[in-house]
Amino acid sequence: MSKLAVFGGEAVRTAPFPSWPVFDESEEKSLLEVLHSGQWWRYTMGEATEAIANTGTLRSTVAEFQEQFAQAHNARFGIACATGMAALQVALRALGVDRGDEVIVPAYTFIATATAPLAIGATPVFCDIDYDTFNLSPESFEKAITPATRAVIPVHFAGVAADMEGIMAVARKHNIMVLEDAAHAHGARWNGRGCGSIGDAGAFSFQFSKNMTAGEGGIITTNNLAVAELCESYIWVGRKAGRPWYEHHRMGWNFRLTEFQGALLLEQLKRLARQTITRRENSLYLSRQLSQIPGIRPLHITDYAAEFAVHIYIFRFLAETFGISRGDFVTALNAEGIPCLTGYSFPLYRNPLFQSGEIAHDYSRYSELCPNSERACKEAVWLEHRMFLGTRQDMDDIVSAVAKVYAARHSFESHRTELASTSF
Ligand SMILES: *Cc1c(COP(=O)(O)O)cnc(C)c1O
């Protein structure tokens, strides 16, 4: 049995995993085109809902991108905007969510899913996730409904589609709007349909860590013309397409993307399908191998989510079965040359923001209502999506490192005091 790198042994791997973002001369060329055109900003609104784009000599990269992105996700309309959080809050407003309304969100997600409702004066109400998929549980969603509930935001967490059939059934029964948070789900499908095109609207992010990026950025997808027009108006400071420039119809924001971002995203979109398949195939292989190691439980992929994306690769680490704590495991795996992290330390409602009393809603009782979210925070191990853009050998290195740590798990006892004094 070889000595663990964390205790001074040789690491399984010293080579880096593939880096992110991925780009080449095509990104360089299209950025330079925008630069030299002098047309750095979006000069026409209404491109998402009327066929007025790309007329004349000027070509808007943003207009072209939102059309292509929507089409790739089976949505009629795409409305590009500044960030994923902007996409969420604009879409909520366009779906009719207003001050005092409640919006149900999963407790295990990124903060923006819950702060988007707050940004427009609505109240986020948490529900639990499903234990096997880490996605919103339709049963827990239904229990969280009150007369004030206006919308629900299922997240296609880690890139794997949520149970949209179950969620849509509950939502329709109670007349609740469905906004898909697809910030992890570029190129992912639910029953063959693009994520973001199943509910009333979808929201994606192009922030640096996501599977498609322009540094920052976002897009709203919808099949509903009225919703699309409202979204455009909100990101264009309340303007209305075809009306005078300085006539503002509603409280809006400047949430536009630049033409530089549009140019980058058009190139990134060309890479998406291939990258999604590479990541998926590598992750399926890794899951098969890792499932054979005691205490390692890759998340379950339901049939409807078979065409998933890998934004985060997650497995549950069962400390009792494996024989060491998750903290020791993650420290050891990083030392072996496999970067990994434990994700959220606690469910969203335990953030100081919700415990401070600043928001007029009782967030103190959610721990009992969300046992699966609590458990996910204690058991999850996350690997970044860039690691899955490489080869099968990369996956084999991950398996070797996990197997090595398992085989040497008893060495943690003897090194307990030694480890406590290291800086990991
Ligand atoms: C990243 C992310 C967002 C927000 O996107 P930004 O572009 O960073 O504002 C929203 N929801 C989820 C689940 C995310 O991971």
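The values are calculated or read from the model by the stated rules, or taken from the named source; none is laboratory data. Treat the numbers as computed from the prediction; the structure is a model and nothing was measured. Backbone-built Cβ (ideal geometry, glycine too); neighbour counts: all protein chains shown.
Some notes on this structure:
- Counted residues, segment 223-249 - those being β-branched (Val, Ile, Thr) and over 24 Å from the mean Cα position of the chain (by Cα): 1
- Taking the conditions (1) in contact with a helix residue (DSSP H, G or I) (Cβ under 8 Å, 6 or more places away or on another chain); (2) in a helix (DSSP H, G or I) in turn, Glu368 satisfies each one other than (1).
- Helices (runs of 4 or more DSSP H) wholly inside segment 277-363 that include at least 3 residues being modelled with pLDDT of 95 or more and within 17 Å of the chain's Cα centre (by Cα): none
- Inside segment 29-40, residues that are of a type outside the set (A, V, I, L, M) and surrounded by 12 or more Cβ atoms within 10 Å (Cβ to Cβ) make up a count of 4.
- Residue count for segment 240-276 satisfying the condition of being touching a strand residue (DSSP E or B) at 6+ places or on another chain (Cβ under 8 Å), within 26 Å of Ala185 (Cβ to Cβ) and not in a helix (DSSP H, G or I): 3.
- Scope segment 192-203; condition crowded, with 24+ Cβ neighbours inside 10 Å and either within 11 Å of the ligand (Cβ to nearest atom) or over 14 Å from Asn223 (Cβ atoms) (or both); matching residues: Ala203
- Near pairs, Cβ below 8 angstrom, 6+ apart or cross-chain, from segment 375-403 (over 25 Å from Ser345 (Cα atoms)) to any residue that is of a type in the set (Ser, Thr, Tyr) and surrounded by 18 or more Cβ atoms within 10 Å (Cβ to Cβ): none
- Residues of segment 215-239 that are more than 11 Å from the ligand (Cβ to nearest atom), in a loop (DSSP other than H, G, I, E, B) and not aliphatic (A, V, I, L, M): Asn223, Asn224, Gly238, Arg239.
- A residue that is part of a loop (DSSP other than H, G, I, E, B), within 14 Å of the ligand (Cβ to nearest atom) and under 23 Å from Asp101 (Cα atoms) occurs nowhere in segment 204-214.
- Any chance Ala63 is within 12 Å of the ligand (Cβ to nearest atom), assigned to a helix (DSSP H, G or I) and under 24 Å from Trp236 (Cα atoms): no
- Criterion (at pLDDT 95 or above, buried (at least 24 other Cβ atoms within 10 Å of the Cβ), away from the ligand (no atom under 16 Å from the Cβ) and not in a loop (DSSP other than H, G, I, E, B)) met by exactly one of Ala80, Ala70, Ala75: Ala70
- Of the residues making up segment 168-186, those that are buried (at least 24 other Cβ atoms within 10 Å of the Cβ) and within 16 Å of the ligand (Cβ to nearest atom) are Leu179, Glu180, Asp181, Ala182, Ala183, His184, Ala185, His186.
- Some residue of segment 109-118 being of a type in the set (Phe, Trp, Tyr) and within 16 Å of Ala182 (Cβ to Cβ): yes
- In segment 82-100, the residues that are under 10 Å from Ile235 (Cβ atoms) form Cβ pairs under 8 Å with partners that are among the acidic types (Asp, Glu) and within 16 Å of the ligand (Cβ to nearest atom), at six or more places apart or across chains, as follows: Ala82/Glu216.
- Filtered by the rule that a residue be surrounded by fewer than 24 Cβ atoms within 10 Å (Cβ to Cβ) and either of a type outside the set (Val, Ile, Thr) or over 15 Å from the mean Cα position of the chain (by Cα) (or both), segment 99-111 gives Arg99, Gly100, Asp101, Glu102, Phe110.
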